[in-house]
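K.L.:
To start, I am sharing the structure in question, which I have written as structure tokens.
The values are calculated or read from the model by the stated rules, or taken from the named source; none is laboratory data. If you're wondering where the values come from, they're calculated on a predicted model, not measured in any experiment. When we count neighbours, we look across all protein chains shown, and the Cβ atoms used for this are built from the backbone with ideal geometry, even at glycine. Heads up: the accessible areas ignore ligands, DNA and RNA and are worked out on the full protein's heavy atoms, side chains in. Shrake-Rupley method; radii C 1.70, N 1.55, O 1.52, S 1.80 Å.
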Amino acid sequence: MDKVQEDWIEKNKELKRLLEIRTLELEKSLKGYQELQEQLLIQEKLASLGQLSAGIAHEIKNPINFINNFSELSIEYVEEIVEELKNLKQNDTIADIEELLQDIRSNLEKILQHGKRADSIVKSMLMHSRGGQSEFVQTNLNGLLQEFVNLAFHGMRAGKNPINVSFEWDLDTDIGLVSIIAEDFSRVIVNLCNNAFDAMRSKLNLLSEVDQQPTYQPKLIIRTKQIEKKIITEIEDNGAGIPEPILNRILEPFFTTKKGKEGTGLGLSITHDIVKAHKGSLSILSKEGEFTRFEITLPPISTAP
């Protein structure tokens, strides 16, 4: 064996040794990367769990408020009936009692509705936390809008600082059934309506400070339409509007313009997440002091004849 061959063999041995060292280093790095990835997944799950808990607290608050408010009203009505019954022998109060009983029945029906809604929210959240998915069901979108816009309105009227609101319905009757997760999409409707009611109440308060309140009538406009087979839902209010500097931040989690503990800053963020889960988009058009319009666009595949 000559000198050249010996040098070549030595170089090969050295290269092999370096390759083995490099292989060990890569294996070590890969193991470290896998461990880091596992840690990141755990942290992501913990963060998701924290957001889920906050979401449950926020979402469950609305139906619980409905239940509490209507329960309080029903208790007051029962007390009035007791007083009326005491005077039954002296006065003809049967008509008044029947009217109060009808009000109680209506309140109890609303309590039942919102109790079921609270239950569905918890089930939905638990399914999400376990990695499950709710089912898309062919749904009458116009009917769902009418139901939950009215529920949101009656809940606001039964709560603190109620306001009078007029409604304008512009629903496309040619829209067929839409494939959505109804229980989730109902939360979108309620969240957007509550946001609108807050904006209109804020404008009323501002105008009352300058004695212009009588000239303003809060109004909520609900539209549905179909453009190129895409289903568009609009919820528009003539409230205080959103200032330009914060318009781009309004969908961020935990961002809120409300003071103290009045808002969690999760309502619109959760709404946006639900719309994205439907492969749709949520856009906002607003002019400070005049109006805000939320537009939800669902893809063509969501429709059915």
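K.L.:
If I take R0 = 41 Å and measure r between the Cβ atoms of Leu171 and Leu26 in this structure, what FRET efficiency does the formula 1/(1 + (r/R0)^6) give, to the nearest 0.05?
P.N.:
With R0 = 41 Å, the Cβ-Cβ based efficiency is 0.10.
K.L.:
Between Glu14 and Lys116, what is the spin-label point distance in nm, taking each point 7 Å from the Cα along the Cα→C-beta axis?
P.N.:
The two pseudo-label positions are separated by 8.2 nm.
K.L.:
What FRET efficiency do you get for Lys229 and Glu98 if R0 is 51 Å and r is their Cβ-Cβ distance, rounded to the nearest 0.05? Let's see the in-between values first.
P.N.:
Numbers: r = 51 Å, r/R0 = 0.99.
Efficiency for this residue pair is about 0.50.
K.L.:
Using label points projected 7 Å from each Cα along Cα→Cβ, tell me how many nm separate Asn164 and Glu295, to one decimal.
P.N.:
3.2
K.L.:
Can you order the peptides 104-116, 227-239, 156-168 by their average number of other Cβ atoms within 10 Å per residue, highest first?
P.N.:
227-239, 104-116, 156-168
K.L.:
With Cβ to Cβ distances under 13 Å as the rule, what net charge do the other residues near Pro299 carry (K, R +1; D, E -1)?
P.N.:
+3
K.L.:
Right, here's the next one. From Cα pairs below 8 angstrom and at least 6 apart in sequence, can you work out the relative contact order of the range 165-224, rounded to a whole percent?
P.N.:
76
K.L.:
How many Å² of accessible area per residue for the range 167-210, probe 1.4 Å? Numbers along the way, then the final one.
P.N.:
Working: 1750 Å² over 44 residues.
Accessible area per residue, the range 167-210: 40 Å².
K.L.:
What does the charge count around Gln217 come to, taking other residues whose C-beta lies under 12 Å from its C-beta (Lys +1, Arg +1, Asp -1, Glu -1)?
P.N.:
0
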